[in-house]
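Derivation of every value follows stated rules applied to the coordinates shown; laboratory data play no part. Keep in mind the model is a prediction, meaning the values are calculated, not measured. Cβ atoms come from the backbone with ideal geometry, glycine included; neighbour counts cover every protein chain shown.
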Amino acid sequence: MHFVVGPGFDRDPSGRVVPDDLIAVARAADDLGFFGFTSSDHPAPPLSFEESGGHHDWDLFAALAALARETTSIRLVAALVVMPYRNPLLSAK
């Protein structure tokens, strides 16, 4: 059986998701032997989404690239990619 973990959405006092925390969670998951680390894509959420408990997010592909540099064996998974926000040719790379 394989287990995948995601980051959660803890924020610093200013309301921002802290990249160092994302890296720390991914490193810990890697060290503990988790199969994968997943995150989703919300590059430009509407204010109504944030006001109803949603969150502003980092760029998914930039975050996964940073995590690839910081981890050794965990698989990095895009749980959701919002294609209307992205160029499909660049996303297909």
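Before moving on, here are some points about what is shown:
- Separation of the residue 20 and residue 3 label points, Cα + 7 Å toward Cβ, nm: 2.7 nm
- A straight chain from residue 35 to residue 89 at 0.36 nm per residue would run longer than the Cα-Cα distance by 16.6 nm.
- Two-site FRET efficiency, residue 79 against residue 47, from Cβ-Cβ distance with R₀ of 30 Å, rounded to 0.05: 0.85
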